[in-house]
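Here is the structure we will look at, set down as structure tokens.
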Amino acid sequence: MKIAVPIKFVPDLVEELSIDASGAALDTSWLRLIINEFDDHAIEQAILLKERGGAEVTVICAEGDGVDDILFTAAAKGADRLVKLTGADANTMNSHAAARVLADLFKEIQPDLILTGVQAHNDLDGSIGPLLAEYLGMPYVGYVAGVTAASGSVVIRKEYPGGIIAEMDVILPAVLGIQAAEQPPRYVAYSKINQVSKTVKIEERAVAGLDSNGGATVSRMFQPEPAQRAEIIDGSPEEVADRMVGIFKELGVL
Amino acid sequence: MSQDIFVLVEHLRGGVADISFVMLAAARTLAQTSGGHVVAVLLGKDAQKLAANLAADKVLYADHAALTEFTSEAWQLTLAKLIEEQSPRAMLFGHTTIGADVAGVLSAKLSLPLVSSCVNFTSDGKFVSQTCGGKIMAEGELPSPTALVTMIPGGYKAEQGQVAQAPMIESFAPPALDNLRVALKKYVEPEAGDVDIAKESFLISVGRGIQNKDNIELADELAAATGGTVCASRPVVDQGWLPTSRLVGKSGKRVKPKIYLALGISGAPEHVEGMGESDVIVAVNTDPNAPIFNVAKYGATLDLLDLVPRLTEKVKQAKGG
Ligand SMILES: Cc1cc2nc3c(=O)[nH]c(=O)nc-3n(C[C@H](O)[C@H](O)[C@H](O)COP(=O)(O)OP(=O)(O)OC[C@H]3O[C@@H](n4cnc5c(N)ncnc54)[C@H](O)[C@@H]3O)c2cc1C
Ligand SMILES: Nc1ncnc2c1ncn2[C@@H]1O[C@H](COP(=O)(O)O)[C@@H](O)[C@H]1O
């Protein structure tokens, strides 16, 4: 089985975000980017499938700071092929454009199974999984938290609210949006990543052009203006703890 | 081409999901600007009764065994045919395990524009979406000709989308639904046996800010001292530090305790969906810009690892003395 995992870098939300001079986009000059956490799960799920039944796993990412390290990390976990897309600014690519670029690549690689992250926190025109599936004529199922290979199909566990799981049969080739792997993403030692980076090659693919049609146009971005902001309790941990005990007592929960 | 606003009614095992009513309320706002009607689209098998309290001007209903429960392919094929025939001004989907599985497919298939994570529409018909985990809002014109929009809760109350009197139902024929590649085998219930966090009145909720599995003990100790119950955000559960039964949010439980103490939780929309209606939210987060402070009543911008052990001590003293 051939499995492909496209991965995306997203702004680290722990950092402060600001809006650029246009007023309609994030200021990307200071953005710290990290791998979309669901992509870590998608890679883990791909490696689990490989370990259980054999597979060739290809991981794909658009170029950018830190991308080589993430690709080598995937290889150290067990990915076989690494592909870097060059010539397109991943920060300005919307989901429709990215889906078209990846669809072209996948027509060539012909994976049986494409695992995307279920979504990224910064897409404004949907996640690419369903777009990609339709461009390739494959079925799509998202919110997946478990995949078992069968012959010519997979059995997936799709999450519904409240912890309810739907087991579905999906005929291959297919695209799945991964919410969580069956086990937490594994850790690999830096020494192993370093070693892999000397032996595994990153294939580069030039992106011809971007077609963003189908995406939404944003005219204004702003920070939310909440109806009420929390009353911040200042002071040392001792003082804050005292006040919180007071609040618990007032509410009658102690 | 019409000015109508369509809403996909989401249902699971015989119950209409709240987001459907939220979307009907949103559609009403939008229909007022577009000058069209609010049309609920219901897919199922013998499911007419699910239309009973939808606040829509009419319901378009497709009845087929393959539509009984949600599967992305059968639903998507049926909706594609309907949208092509009717060309509404917009169609609203939940940004959910149902809606988000089909909206993108339809955008690609029908070459129609897609807007995701919309929370409300302005009075002049612009979309307002939440992005970056609730830290940023994005606004824009509703794209043409038919805008496909996925919606998250928060902008409208479900009650606004409910009525006592059943709307008129009109049937439409689904396309041939043969040779489907996605089939539902069965539903699996969550494991029983653990406490039901939805029934607890004092929840101590830990997020990624707790940093590692060993630190969960700090929350356990606070819970033991207060008589509260420990629950968590998604990353904590995905790391296996706490069981799924303790998950609060979109994919977990919806809780409404007297007090919700959020420790190291950023307040992403998917988390807030499950706890935003708690009586009193107290948040501890080192980031003063964390969205959790937009829903909390009280907050502290301290390191939780410094605060929690002291809080546990103080609670013990308060109870002892
Ligand atoms: C389809 C879907 C469904 C989802 N369902 C759910 C769901 O049901 N429930 C859910 O919770 N999430 C859900 N999520 C995930 C959600 O988007 C967020 O990623 C998640 O809620 C973030 O969890 P967090 O706040 O613990 O982590 P983060 O967002 O990483 O936040 C950690 C916070 O801790 C703070 N912090 C760090 N160190 C400290 C310290 N020492 N002291 C104090 N504060 C500290 C940081 O400032 C930060 O704000 C879902 C996502 C998707 C896509
Ligand atoms: N530019 C991109 N390059 C590679 N993969 C992407 C890209 N954009 C999105 N993806 C994939 O789609 C998932 C969902 O992201 P998004 O489409 O932005 O919601 C990501 O987790 C990746 O798996």
From the option list A:Gly177, A:Gly146, A:Gly246, A:Gly235, single residue qualifying as within 16 Å of ligand 1 (Cβ to nearest atom), more than 23 Å from the chain's Cα centre (by Cα) and either surrounded by 13 or more Cβ atoms within 10 Å (Cβ to Cβ) or in a loop (DSSP other than H, G, I, E, B) (or both) is A:Gly235
Reported set for the stretch A:134-189 where residues are facing chain B (nearest Cβ under 7 Å), farther than 14 Å from B:Lys185 by Cα and of a type in the set (D, E, K, R) is A:Glu134
Out of (1) in contact with a strand residue (DSSP E or B) (Cβ under 7 Å, 6 or more places away or on another chain); (2) away from ligand 1 (no atom under 16 Å from the Cβ), the one A:Ala97 does not meet is (1)
In the stretch B:271-317, anything of a type in the set (Val, Ile, Thr), crowded, with 18+ Cβ neighbours inside 10 Å and within 7 Å of chain A (Cβ to nearest Cβ) is listed as B:Val282, B:Thr301, B:Val315
Given the conditions (1) closer than 30 Å to B:Tyr61 by Cα; (2) open to solvent by less than 50 Å² (accessible area, probe 1.4 Å); (3) more than 20 Å from the chain's Cα centre (by Cα); (4) among the hydroxyl-bearing types (Ser, Thr, Tyr), every one holds for B:Ser251 apart from (3)
Among B:Pro309, B:Pro288, the single one that is touching a residue at least 12 places away in the same chain (Cβ under 8 Å) and part of a helix (DSSP H, G or I) is B:Pro309
Any residue that is open to solvent by 10 Å² or more (accessible area, probe 1.4 Å) and touching a Lys or Arg at 6+ places or on another chain (Cβ under 8 Å) - is there at least one of those in the stretch B:52-59? yes
Of the residues in the stretch B:96-105 that are at the interface with another protein chain (Cβ under 7 Å from one of its Cβ atoms) and not hydrophobic (A, V, I, L, M, F, W, C), the one that is surrounded by the fewest Cβ atoms within 10 Å (Cβ to Cβ) is B:Thr97
The condition of being basic (Lys, Arg) and either touching a residue at least 24 places away in the same chain (Cβ under 8 Å) or closer than 30 Å to A:Asp20 by Cβ (or both) holds, among A:Lys192, A:Lys249, A:Lys158, A:Lys198, only for A:Lys192
Item to complete: For the stretch B:106-127, indicate whether the set of residues that are of a type in the set (Ser, Thr, Tyr), open to solvent by 20 Å² or more (accessible area, probe 1.4 Å) and either facing chain A (nearest Cβ under 8 Å) or on the phi > 0 side of the Ramachandran plot (or both) is non-empty.
Response: yes
Within the stretch B:128-147, the count of residues that are open to solvent by 10 Å² or more (accessible area, probe 1.4 Å), more than 8 Å from chain A (Cβ to nearest Cβ) and among the polar types (S, T, N, Q) comes to 1
Scanning the stretch A:97-120 residue by residue, those near ligand 2 (Cβ under 7 Å from one of its atoms) and within 11 Å of A:Leu131 (Cα to Cα) turn out to be A:Ala98, A:Leu102
Those residues of the stretch B:174-209 which are among the basic types (Lys, Arg) and either surrounded by 18 or more Cβ atoms within 10 Å (Cβ to Cβ) or farther than 14 Å from B:Val255 by Cβ (or both) amount to B:Arg181, B:Lys185, B:Lys186, B:Arg208
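The values are calculated or read from the model by the stated rules, or taken from the named source; none is laboratory data. Computed from a predicted model, the values in this text were never measured in an experiment. Glycine gets a Cβ as well: all are built from the backbone with ideal geometry, and neighbour counts include every protein chain shown. Surface areas here come from the heavy atoms of the whole protein model, side chains and all, with no ligands, DNA or RNA. Shrake-Rupley method; radii C 1.70, N 1.55, O 1.52, S 1.80 Å.
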